[in-house]
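The values are calculated or read from the model by the stated rules, or taken from the named source; none is laboratory data. The structure presented is a predicted model; accordingly, all values stated were derived computationally and were not measured. Cβ coordinates were reconstructed from backbone atoms using ideal geometry, including for glycine residues, and neighbour counts include every protein chain displayed. Ligands, DNA and RNA are excluded from the accessible area calculation, which covers all protein heavy atoms including side chains. Shrake-Rupley method; radii C 1.70, N 1.55, O 1.52, S 1.80 Å.
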Amino acid sequence: MYLIEQKRNGKWVHDPGTTMAIQEYVKDNIFLDGDVLFPYMMHPAVQIGKFQNAYEEINQPYMDEHHIKIIRRETGGGAIYLDDRNMSFSFLLHGTNDIYGNYAKLYEPAIKALIKLGVDENLLEQKGRNDLVLDGKKISGAAMTVQQGRVYAGYSLLMDPNYEAMTTVLNPNQKKIESHGIQSVRSRVGSIRPYLAPEHQDMTVWEFTDYMICELLGIRDVSEAKRYELTEEDWAAIDKLTAEKYNNWDWIYGRFQQFEYHLTERFPIGTVSAGLTIEHGKIAQIQISGDFFGTKDIKDVENVLLGVRLRKDELLHALEPIDLTPYVGKLTKDEFVSFILSE
């Protein structure tokens, strides 16, 4: 098995979009005479599945405040929070018959590695469709797909999860969304560290990573790993893919074809309700109603919002030419946009 590290000029790359682009590029363009292991760590980010509606999965105001990115992967499954306190592992595996869909087999080497660190094997269990559970709590979720005769699979291992960020960022605002996105199943999240043997309790995430690499590759030291080094040509293609896809708003938010949601909120000026149809992340239809007093036709406000992406800065920009007071009363544009975004 080859090791491909997300290093550029000897330094780890932590950008979430670049991380995903590396894996897609290698999956589609590099064919070696063996399987491939990608260990990766990223700056705080939420990674959603290919078929999910981003707006149903995340708490966008919290993400904006804490500079947490969102990325969409090429495989299915649910939303997960990733950061630089935990390591994830992806694989390109030859031979689809015995591994594809077999999450117990995918997790088997990781389970054996954790047991060697002192984790009680009786507390470890591959549960449900694709989770790894330790003492009844989820410490990993896996995903996989098949392309060009190889299984592309991966999972994270929660060594030191940031519970506050994880629970808050994956607690979406309560819009009444009607869509056909594959929604995440929320599980109780656990941590690996408390279950390690005393001599391993102070293991850093990098020491844990090196240990797992050795176990997964069947070597004694990471220096023995058979590596593929990304070339400058590879990096040029990866940069292009990062910009055009994984750091591209349309791929992350706009990919989901259509959904609807409805909001109602009480303000000092009265009750405001809004029903929206969103197509590819843009407002396709909007109807605003309520018991507020206005002297102008609210359709003027609705019309300037048509075709606008569901982003705070763009909504505010679209409303710049309009004074909302004659339409709804003394409601600021910030208040109105926060209402539309259910902040």
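Along the Cα-to-Cβ line of residue 202, 7 Å from the Cα, sits a label point; which residues in region 140-164 have backbone N less than 19 Å from it?
So the set is 160.
Could you state the angle between the C-alpha long axis of helix 16-29 and the longest principal axis of the C-alpha atoms of the chain, as a value from 0 to 90 degrees rounded to the nearest 10?
60 degrees
Viscosity 1.002 mPa s, temperature 20 °C: Stokes-Einstein D of the chain from its Kirkwood Cα radius, in µm² per second?
97 µm²/s
If r is the Cβ-Cβ distance from residue 332 to residue 227 and R0 is 45 Å, what FRET efficiency results, to the nearest 0.05?
Once the sixth-power term is evaluated, E becomes 0.20.
How much length is gained on full extension from residue 293 to residue 273, taking 0.36 nm per residue of separation minus their Cα-Cα distance?
5.9 nm
Take the alpha carbon atoms of region 195-343, find their radius of gyration, then divide it by 2.2 N^0.38 Å using N residues; give the quotient.
1.74
Please give me the summed charge of the neighbours of residue 291: other residues whose Cβ is under 13 Å from its Cβ, Lys and Arg +1, Asp and Glu -1.
0
Cβ under 14 Å from residue 103's Cβ, residue 103 left aside: what net charge do those residues give with Lys, Arg +1 and Asp, Glu -1?
Net local charge, residue 103 excluded: 0.
Please state the shape class of region 19-147: rounded when a/c is under 1.5, otherwise prolate if a/b exceeds b/c and oblate if not, all from the C-alpha gyration tensor.
oblate
Can you pull the one-decimal nm distance between simple spin-label points at residue 237 and residue 160, each 7 Å off the Cα toward Cβ?
About 3.7 nm separates the two model spin labels.
With a 1.4 Å probe and all protein chains left in place, how much of the accessible area of region 247-322 comes from carbon and sulfur atoms, in whole percent?
C and S fraction of accessible area: 47 percent.
Quick one: accessible area per residue over the chain, 1.4 Å probe, rounded to a whole number of Å²?
Per-residue accessible area for the chain comes out at 47 Å².
Give me the extension gain from residue 33 to residue 171: residue separation times 0.36 nm, minus the current Cα-Cα distance, reported in nm with one decimal.
Once the chain is fully extended between residue 33 and residue 171, it gains 45.4 nm.
Please report, in debye to the nearest 20, how large the charge dipole of the chain is about its Cα centre when each Lys and Arg carries +1 at its beta carbon and each Asp and Glu carries -1 there.
Here the chain has a charge dipole of around 580 debye.
How far is it, in nm, from the label point at residue 116 to the one at residue 65 when both lie 7 Å from their Cα along the line to the Cβ?
4.3 nm
Starting from the Cα gyration tensor of region 42-94, take the square roots of the eigenvalues, sort them a ≥ b ≥ c, and report rounded, prolate or oblate (rounded when a/c is under 1.5, otherwise prolate if a/b is larger than b/c, else oblate).
Oblate.
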